[in-house]
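The structure appears below as structure tokens.
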Amino acid sequence: MNDGDRLVAGIELGGTKAIALIARGREIVARERFPTGSPAQTLGAIGDRIEAWRAEHGEPEALGIASFGPVGLDRARVDYGHITSTPKPGWRQVDVVGYFGARFGWPVGFDTDVAGAALAEYRWGAAQGCAVAIYLTIGTGIGGGVIVDGRPVHGLVHPELGHVRVRRASGDDFPGVCPFHGDCLEGLASGPAIAARAGMNGADVGDDHVLWEQVTGELAEAMAALMLTLSPQRILIGGGVFQHRQALLAKVHARTAALLNGYVTGVGARELAEIIMAPGLGEMAGPLGAVALALDA
Ligand code: ADP
Ligand code: ZN
């Protein structure tokens, strides 16, 4: 794949912040961070920035947008390119692709932020050569992107791995924080769920707090289900919660192995340590996701 000198623009649109960038192949030439405010203000400011970069660096050949979701991905539907049923105030049914398409006229590659990150990991990071790879973020929410043979999985909509329900430890009656489902995985194990369980800022929770037993158990349930449904060669776990708690991964490996109980041939805790790991691109997985989507547009 010769991405070498192709000039592209990218946007990683998150619920609290957005990153706009311009890149030559996978080399990011310039980037800027914007707080995610109202749609008009946020998209307008990003558009102005990209326009200034165009004057400085030349005409990009495509734009990649990796967005928080849920998003519309079916080009045959009127909600293609929109953020759809988000609880985020003001952002429901916002036509992100329409806005930038009208403003710049470049081809737009559009997907979820996690599908973008998964694609970047597949092209340049820790999921290279993997026929099936998953990127899971555990932050303000939980979301997962799935790559099969180099392409993000789209179906009826897109995978929503954060909202599956998992078995709980007996006696754990925390109701969960998901506004749609209560105690789905996101409701139990996202950053806000951890803060609510502990009654303090997530970053201040000690590594030995009992809630990590619950959270690693719930994550292991999800990991075992993913191993059994999609047979991934990599599950990369990014996002703020695990970033500074890599030691928890060993617990997830052990507990996932216990749940699988030797059923998936040759997959024990040691092998799971080579499957479930931190993103190879680190914090750049998100921004490079927008670049990858642009290069594929
Ligand atoms: P976002 O999901 O908004 O892109 P992050 O991936 O950085 O942002 O995740 C932010 C979430 O992670 C917040 O809910 C925050 O409380 C939580 N968080 C950040 N650091 C830690 C930590 N060390 N332990 C637990 N939770 C954390
Ligand atoms: Zn949910």
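Per-structure values
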quantity: Scan of segment 130-172 for residues that are of a type in the set (A, V, I, L, M, F, W, C) and within 14 Å of ligand 2 (Cβ to nearest atom), ordered by number; calculated: ILE138, ILE142, LEU161, VAL164, VAL166
quantity: Flag for THR42 being open to solvent by less than 80 Å² (accessible area, probe 1.4 Å), among the β-branched types (Val, Ile, Thr) and part of a loop (DSSP other than H, G, I, E, B); calculated: no
quantity: Unique residue being open to solvent by less than 30 Å² (accessible area, probe 1.4 Å), assigned to a helix (DSSP H, G or I) and out of contact with any Leu (no Cβ under 8 Å at 6 or more places or on another chain) when the list is VAL114, VAL97; calculated: VAL97
quantity: Enumeration of residues in segment 252-294 that are buried (at least 23 other Cβ atoms within 10 Å of the Cβ) and of a type in the set (A, V, I, L, M, F, W, C); calculated: VAL252, LEU272, ILE276, LEU281, ALA285, LEU288, ALA290, VAL291, ALA292, LEU293, ALA294
quantity: Residue that is most open to solvent (accessible area, probe 1.4 Å) [pool: residues in segment 118-151 that are of a type in the set (Ser, Thr, Tyr) and not in a loop (DSSP other than H, G, I, E, B)]; calculated: TYR122
quantity: Options LEU272, LEU288, LEU281; residue that is away from ligand 1 (no atom under 16 Å from the Cβ) and in contact (Cβ under 8 Å) with a residue 12 or more places away in the chain; calculated: LEU272
quantity: Residue within segment 203-216 that is within 16 Å of ligand 2 (Cβ to nearest atom) and part of a helix (DSSP H, G or I) present; calculated: yes
quantity: Residues within segment 173-197 that are in a strand (DSSP E or B) and either more than 10 Å from ligand 2 (Cβ to nearest atom) or more than 20 Å from the chain's Cα centre (by Cα) (or both), tallied; calculated: 1
quantity: Residue list for segment 198-218, filter: within 14 Å of ligand 1 (Cβ to nearest atom) and either touching a residue at least 12 places away in the same chain (Cβ under 8 Å) or under 23 Å from the mean Cα position of the chain (by Cα) (or both); calculated: ALA198, ASN201, GLY202, ALA203, ASP207, LEU211, TRP212, GLN214, VAL215, THR216
quantity: ILE194 within 10 Å of ligand 1 (Cβ to nearest atom), in contact (Cβ under 8 Å) with a residue 40 or more places away in the chain, outside the structural domain of LYS88 (by TED's automatic domain parsing) and under 18 Å from SER85 (Cα atoms); calculated: no
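The values are calculated or read from the model by the stated rules, or taken from the named source; none is laboratory data. Keep in mind it's a predicted model, so treat the numbers as computed, not measured. As a convention, Cβ positions derive from the backbone with ideal geometry for all residues, glycine included, and neighbour counts pool all protein chains shown. These area figures cover heavy atoms from the full protein model, side chains too; ligands, DNA and RNA do not enter into them. Shrake-Rupley method; radii C 1.70, N 1.55, O 1.52, S 1.80 Å.
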